[in-house]
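Some notes on the structure that comes next.
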Amino acid sequence: MLRKGKTKSTLKSSIEAALLAVEIYNKPRISFRVEGFVTQMIIAWTRLFHAHFYNTIGDKYYYKLKNGRYDTVDGERKAWDLSKCIKKYKNLTDSMSANLKFFIKLRNKIEHRHVEKSEIGIDIFGECQSLLYNYENLVVELFGVEYSINESLAFSMQFSTIRTSEQMKASKKMLSKEVKEIKSFIKNYRNSLSDDTFSNQEYSIKLIQIPKISNTNRSDLAIEFVTWDNLSESDKDDYNKVTTIIKNKIVKVEVINPGRKKPTYVRSGPLKLSSG
């Protein structure tokens with residue numbers, strides 16, 4: 001049961017931050033989309049936990065000093081940050097926790113630097129999609145389906161993101177030292193994860209966009225979001241056959257760990273919410 005007042009207003013501000021994060025990410029001409037998305041999603045997740053804690057334990061999610069008094073900043077009690085919220089909540093899966101901790105570390109790295117290279121966004125698209133997907137799932141789990149926000153979002157139009165090898169080589173030459181450092185952090189963080197955590201959709205959702213050749217039904221949706229874990233074995237076999245046929249059109253991302261059996265494929269695109 002959701003308490004009215006502070007719980008509801010905190011949850012509302014959390015959802016607004018998530019919607020703003022998606023809006024920033026999906027605007028094609030915004031150069032600080034990575035910073036903007038990560039910052040707003042950290043706020044969204046933090047306020048989601050605060051709403052949950054207020055709803056369950058009351059107004060007690062604040063840091064205390066050794067003398068038992070609340071720690072304050074400019075006269076206001078200092079609320080638990082996202083890292084503390086994760087520890088206090090205790091019910092996240094390992095993959096969800098790894099995804100959140102990745103973005104906490106990434107936020108700390110990009111907070112005081114401007115990252116305008118699109119390569120960062122492409123590299124972490126899977127983690128971004130999972131961060132958003134996990135967020136909505138937890139909103140629904142904690143407060144009910146009436147607070148689901150996927151239906152309030154439209155699917156963004158997008159251009160083809162296929163790049164030639166020459167374009168990719170030229171882009172790599174332009175990478176700044178700061179971007180290279182962040183890409184190194186991303187690689188090292190992924191390598192630190194177990195295979196089970198890394199391959200879990202709650203850590204990073206891998207998407208390949210395949211146009212429908214024909215419509216089987218006039219009432220079919222133009223876009224369908226399918227979770228790999230929910231596919232039957234026969235559907236997975238059919239999918240693998242399709243990716244083999246169109247492999248020359250797939251953007252292959254750097255294999256994070258040469259020891260992994262499966263390469264990672266991802267196509268950059270708009271972020272989408274789906275709880276189906």
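Tabulated data for the structure shown
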| read-out | value |
| --- | --- |
| Additional length obtainable on full extension of the chain from N108 to K27, 0.36 nm per residue less Cα span | 26.8 nm |
| Long-range HN-HN contacts of Y70 with modeled amide H, under 5 Å | L65 |
| Three-way shape call for segment 37-77 based on the alpha-carbon gyration tensor, with the a/c threshold at 1.5 | oblate |
| Separation of the Y70 and S184 label points, Cα + 7 Å toward Cβ, nm | 4.3 |
| Note, ³J(HN,Hα) from phi for segment 194-203, Karplus 6.51, -1.76, 1.60, rounded to Hz, x at Gly and Pro | 6, 4, 5, 5, 5, 7, 6, 5, 6, 8 |
| Residue order, fewest to most beta carbons within 10 Å, for V73, V140, V22 | V73, V140, V22 |
| Under-5 Å amide H pairs with Y62, H placed in peptide plane, nonlocal only | W80 |
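Readers should treat all values here as calculations from the given coordinates under stated rules, not as data from a laboratory. Only a predicted model underlies this, so the values are computations on that prediction, with no experimental measurement involved. Note that each Cβ is placed from the backbone with ideal geometry, even for glycine, and that neighbours are counted across all protein chains shown.
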